[in-house]
1. Do we have any residue at all in the range 88-103 that's in contact with a Phe, Trp or Tyr (Cβ under 9 Å, 6 or more places away or on another chain), at pLDDT 95 or above, surrounded by fewer than 14 Cβ atoms within 10 Å (Cβ to Cβ) and assigned to a loop (DSSP other than H, G, I, E, B)?
2. Any residue at all in the range 62-73 that is within 27 Å of the chain's Cα centre (by Cα), modelled with pLDDT of 95 or more and in a strand (DSSP E or B)?
3. Looking at the range 28-38, which of the residues that are touching a Ser or Thr at 6+ places or on another chain (Cβ under 6 Å) and surrounded by 18 or more Cβ atoms within 10 Å (Cβ to Cβ) is modelled with the lowest pLDDT?
4. Applying the selection to the range 176-193, what residues are surrounded by fewer than 16 Cβ atoms within 10 Å (Cβ to Cβ) and in a loop (DSSP other than H, G, I, E, B)?
5. Looking only at residues that are part of a loop (DSSP other than H, G, I, E, B) and in contact with a strand residue (DSSP E or B) (Cβ under 7 Å, 6 or more places away or on another chain) in the range 261-294, which one is least open to solvent (accessible area, probe 1.4 Å)?
6. Of all residues in the range 124-140 being hydroxyl-bearing (Ser, Thr, Tyr) and open to solvent by 70 Å² or more (accessible area, probe 1.4 Å), which is nearest to residue 189 (Cα to Cα)?
7. Among the candidates 49, 83, 68, 43, which residue alone is open to solvent by 30 Å² or more (accessible area, probe 1.4 Å) and touching a Leu at 6+ places or on another chain (Cβ under 8 Å)?
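The values are calculated or read from the model by the stated rules, or taken from the named source; none is laboratory data. A quick note: this is a predicted structure, and the numbers were derived from the prediction, not measured. FYI the Cβ positions are ideal-geometry reconstructions off the backbone, even for glycines, and counts take in every protein chain you see. The protein model used for the area step is the full one, side chains on, heavy atoms only, and it has no ligands, DNA or RNA in it. Shrake-Rupley method; radii C 1.70, N 1.55, O 1.52, S 1.80 Å.
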Amino acid sequence: MALAATWMLMLNPFSAAAMATPGLSITASGSTTIGLQIFANSNLSGGSNPTGTISFRLFGPGDTACSNAIFTSTVPVAGTSMNSGHYTTSAAGTYHWTSTYNGDANNNPVGPTSCSDPNAAVIVQGAYTALSVTAPAPSGGAIHGAAALAGGVNPTGTISFFLSGPGDSFCSQTLFTSTVAVAGNGTYASANYTPTVTGTYRWRANYSGDTNNMADPMTACLDQNDAINVTSLSQPAPAAVGFSPTSLSFAARTVGTASAAQSVTVSNTGGTPVAISAVGRSGATPGDYATATDHCTGTTVNPGATCTIAVTFTPTAPGTRTATLTVTDNGPGSPHTLPLT
């Protein structure tokens, strides 16, 4: 018997035990909010004193097939439970972890774990933003609201302002609304509103939220910081019509031949809109002048805005030919006139 055993050993001097195949599982850290860290834990079971490393891979929101890792972490095996490195989230959504045991001399490689394993998913919620409203002092007879947005992670979206008037203690009616675009945390101003009666006005606002930031609901009506007391009203300056240039002068021409058109810009330099009802000509020889284009008649020109009129000259007789361009509107001093020579 001893001789037979010796003979078998000589035939297979390198025989060894079979490689072990450990079990591998993964669990993700709990749900959190954007900007905070997440990690995963893997457990090895049933191995033969495993050593080596475990490689973790993280896949971002929308990558449900785990095709493009956004973060990798390889850690040494030390016992049966290993944590990945930590990843700081930059987008809201559901992240997925996988892990792979890379094996050693006594243990076969195992993995990766399943991308669809629910234990390997971690939900990252949008950032919780904070919105507060104040009412700066009136300026130039107008008021506006100011909203401070904080806590967002590169927030976009919009802030909408709502203004309630005197006597509306519970903000049940909205006199005026204004929406502004958001580009980061900070303070945003509504458009101006010119009060028509004295009393206490109240501003409210909400934030729309975006992919990575939670919406902020309407601020409270009775917040003392959102109220402004208007004690006097500023009357806007009346409409004032001006011309540029202030006159049109045409070169001498042969009787019956038309000149090139010359343009005049009509502007409203006052504080209230002006409605232009007619453009015409008067004076000594109005028939020698014609309106080539008229972008003013029938329009309302707001403060600071303009419209244009173009005039041509076709003399009907020799000599100096003069006329007046007339603009009829609802402003003081109408009709307004410009010399044509």
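1. There is no residue in the range 88-103 that is in contact with a Phe, Trp or Tyr (Cβ under 9 Å, 6 or more places away or on another chain), at pLDDT 95 or above, surrounded by fewer than 14 Cβ atoms within 10 Å (Cβ to Cβ) and assigned to a loop (DSSP other than H, G, I, E, B).
2. yes
3. 34
4. Matches in the range 176-193: 183, 184, 191, 192.
5. 285
6. Among them, the one singled out is 139.
7. 43
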